[in-house]
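Notes follow the structure.
What follows is calculated from the coordinates using simple rules that are stated; it is not laboratory data. Predicted model, so just to flag it, every value in this text is computed and none were measured. As a convention, Cβ positions derive from the backbone with ideal geometry for all residues, glycine included, and neighbour counts pool all protein chains shown.
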Amino acid sequence: MCKDHNHQFAVSILVTNQSGTLTRISSLFSQRNYNIDSFTCGETNNPQVSRMTITATGDAAKKEQLLKQISKLYDVKKVELMTPENTILRELLIAKVNATGESLQTVLDAANVFRSKVVDMSPGSVCIEMTGESSKLNAFLTYVAPFGILEYCRTGLIAVERGNKCLYDVE
């Protein structure tokens, strides 16, 4: 008998833009013993509505149960599972890399190859801003790791469905 395997999934949620909404959503995950892999949230073109993108890992049954529970929260306007084949997923990374002498040029060349942007330079380090799929960001970090990554931060995924379909219609 085949067990259902855990897979990472992304969910987009439209919510009322008010105090406490974020806490209610994250508490639901915690109460269901679900770890959030990444969480992004921001105001939409309607200032009364925010859009959240949450990634988590779980089996199909847990995922469906979680989606149903989220949709029942009174702050939630719409919940949609973002399918990988129909979704544009992007993430932002800012990495501060140790770079001196010859390694500086190698790191700058890598930034160019990975289509990123140098946003700060100082003696001994360079800060690089990069957007793209998580695999691209991971590949960059792996490449520059031997030079010494001083620090980095990532936003978590944002997701928009391909084509003309939107998560919500403009009111």
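Worth a mention:
- Note on segment 39-95: Rg/Rh from C-alpha atoms, Kirkwood Rh, equals 0.99.
- Spacing of the two label points (7 Å from each Cα toward its C-beta) at residue 106 and residue 166, in nm: 4.8
- Share of alpha-carbon pairs per 5 Å distance bin for segment 7-82, given as whole %: 3, 16, 32, 28, 14, 5, 2
- Simple point charges give the picture: +1 on the Cβ of Lys and Arg, -1 on the Cβ of Asp and Glu, and for the chain a dipole about the Cα centre of about 460 debye.
- Here the 3J(HN,Hα) profile of segment 47-61, calculated from phi with Karplus coefficients 6.51, -1.76 and 1.60 at θ = phi - 60°, is x, 8, 10, 10, 10, 10, 10, 10, 10, 8, 10, x, 7, 4, 5 Hz, Gly and Pro shown as x.
- Each Cα pair of the chain feeds into the Kirkwood radius, which the Stokes-Einstein equation turns, at 4 °C and 1.567 mPa s, into a diffusion coefficient of 72 µm²/s.
- Fully extended contour minus Cα-Cα distance, from residue 30 to residue 65, at 0.36 nm per residue: 11.2 nm
- The modelled label-to-label distance between residue 73 and residue 85, using points 7 Å beyond Cα along the C-beta direction, is 3.0 nm.
- Lys/Arg +1, Asp/Glu -1 at C-beta; segment 88-158 dipole; positive extreme among 105, 142, 131: 131
- Here 75, 120 are placed in order of increasing Cβ neighbour count within 10 Å, fewest first, which gives 120, 75.
- Low-density loop positions, chymotrypsin sites (Phe, Trp or Tyr not before Pro), segment 11-82 - DSSP coil, at most 14 other Cβ in 10 Å: 74
- Fewest-first sequence of 16, 53, 83 by Cβ atoms within 10 Å of each Cβ: 83, 16, 53
- Residue exposure sequence - 161, 91 - by fewest surrounding Cβ within 10 Å: 161, 91
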